[in-house]
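Derivation of every value follows stated rules applied to the coordinates shown; laboratory data play no part. As the structure is a computational prediction, the values presented were derived from the model and not from experiment. Neighbour counts run over all protein chains shown; Cβ positions are idealised from the backbone, glycine included.
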Amino acid sequence: MVNLRRAIVWASAGQYLVIAINFACLLVLARLLTPAEYGVSLLGGAILAIAEAVRELAGGAYLVRERELTLEKVRSTTTLSALVTVVVAAILTLAAGPLAHFFGLPALTDYLAIAVLGYLLGPFIHPQMALFSRAMAFNRLAAINLLLALVAAGVSILLAFLGFSALSFAWAGVASALAGAILCLVVGRDLSIYRPSLSHWRGVVSFGAYSSATAVLGRISEALPVFIFGRFLSAEAVAIGQRTAVLSLFPERVVLAAVGPVALPEFSRRAREGKDLTAAYLAALSHVSVVQWPAMILLAALAEPIVLLVLGGQWLDVVPLLRILSPALMLTVPIGLQYAILVAAGAVHRLPRLLVLQMLVMAAALLISAPYGLHAAAWSMYLAMPIGAGLSLMAVRSAIKFGWRDLWADAARSAFVALTTAIGPIALSATSSPMSLTYAALAVALGAAGWVLGLYASGHPVWGEVCRAGAAVLRFPARRHLRAGR
């Protein structure tokens, strides 16, 4: 348990620093680029994300999950990664023009042509990162991710200031990939893993086929709003919709920054050791929801000051959309953990079918609502999200057999904490419109107090973690004083 907490601390520290850097970058770029310029980079980034998912055929998750990992298996993975990367990069280069024509954005051609350069460096990065994850070396992962975020942020801001428009993001991706390749080669040290070998390609591909299909479907699902809005609406609408989604999902990203990197290695370790996965999964759901749900309600209540602070006045169209979408996305909690638990439980073959069903639900909702505008699309998530979450829970339950009563009991405690968190901020927002930054800060303080009170009153398991963290903070000055006295 101590090792798990240490891993979570390293993973969360690294991810939170990356989030802070990206947040600062967002503050600057939102004032340097127009929504239309953002739209081009969003479409290009969505296409590249799907290409990254195809590379999972080479088995990044295989390196984490494999019970008996040998050097030859690692070499087979890196060799396959290089082969898949070259093929996909060629396809991307040839498809850049037709894709730009389909979306009516000529600048997309140059964006993809540049982004492919960074994509080609992936085989030097992803196998090493997977090996660090398997070894729970989250200190190394945190350091590498932090440096890559700094490089990407610095290059994108500099180039945006110099007038590179949407291409600032493409060049920043290339610079970040180059830095990542160098760091992985230096930190990983064992360069023998890059020696060509296909001796275990069948095992890698048999696992990677499901993992890659899952990753591709997941990326397509994430990119669906961008693609559908890009087809039916303007580039500006694409940017406004995506910025709404980014802010709405910010609490999930913050929570999963701590849990996400540790979930697959920890669930996989438990599976390899024959330990119970059900208790670990329910505990993860409980811990994530008790933080994510209150945060998303708070986000909806403070939408206007948050948008003004983060994006600036030219993005005020995001405010009403954020108020609609943020509560609807509260049910993403089980979806965020479904990959890790199903892979660890040896049920990776169920993921593609699950993601297809979830994607079809999302696509139907957006295709019907998007022609009527962004507000209609946001309201459609109140139908799509509950269905997607239900499909996720049923798929996981078929693999690890948890009880519905236990799930509802944990959910009820988290919902109670969300309610106690929301009372103060919602009451304050109702009496102050528009809300000043001073009132917003007061609302956050009231929400934090309500959250702590809810944890205590409900007897939520996270209350013990909060007490343990508080005790550690209080002991720290005493230990430092003791060391100084010695």
Give me a count of the residues in the range 99-119 that are small (Gly, Ala, Ser) and not in a helix (DSSP H, G or I). 1
Read through the list (1) surrounded by 22 or more Cβ atoms within 10 Å (Cβ to Cβ); (2) under 29 Å from Ala53 (Cα atoms), then give the number of the only condition that Leu311 fails. (2)
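A quick yes/no check of all residues on (1) surrounded by 14 or more Cβ atoms within 10 Å (Cβ to Cβ); (2) farther than 15 Å from Thr332 by Cα; (3) basic (Lys, Arg):
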{"position": "Ile387", "(1), (2), (3)": "yes, no, no"}
{"position": "Ser392", "(1), (2), (3)": "yes, no, no"}
{"position": "Ala395", "(1), (2), (3)": "yes, no, no"}
{"position": "Ala399", "(1), (2), (3)": "yes, yes, no"}
{"position": "Phe402", "(1), (2), (3)": "yes, yes, no"}
{"position": "Ala411", "(1), (2), (3)": "yes, no, no"}
{"position": "Val417", "(1), (2), (3)": "yes, yes, no"}
{"position": "Thr421", "(1), (2), (3)": "yes, yes, no"}
{"position": "Ala430", "(1), (2), (3)": "no, yes, no"}
Considering the range 138-164 alone, what residues qualify as being over 21 Å from the mean Cα position of the chain (by Cα), farther than 14 Å from Leu178 by Cα and crowded, with 16+ Cβ neighbours inside 10 Å? Ile157, Leu159, Ala160, Phe164
Under 6 Å by Cβ, and 6 or more places apart or on different chains, what pairs join a residue from the range 383-401 that is among the small types (Gly, Ala, Ser) with one that is not in a helix (DSSP H, G or I)? Ala399/Ala345; Ala399/Ala347
Against the condition more than 22 Å from Glu236 (Cα to Cα) and surrounded by fewer than 20 Cβ atoms within 10 Å (Cβ to Cβ), how does Arg353 come out, does it pass? yes
Could you list all residues from the range 334-364 that are among the aliphatic types (A, V, I, L, M) and free of Cβ contacts under 8 Å to residues at least 60 places away in the same chain? Ile335, Leu342, Ala347, Leu354, Leu357, Leu360, Val361, Ala364
Pick out the one residue from Ala96, Ala90, Ala20 that is of a type in the set (A, V, I, L, M, F, W, C) and touching a helix residue (DSSP H, G or I) at 6+ places or on another chain (Cβ under 6 Å). Ala96
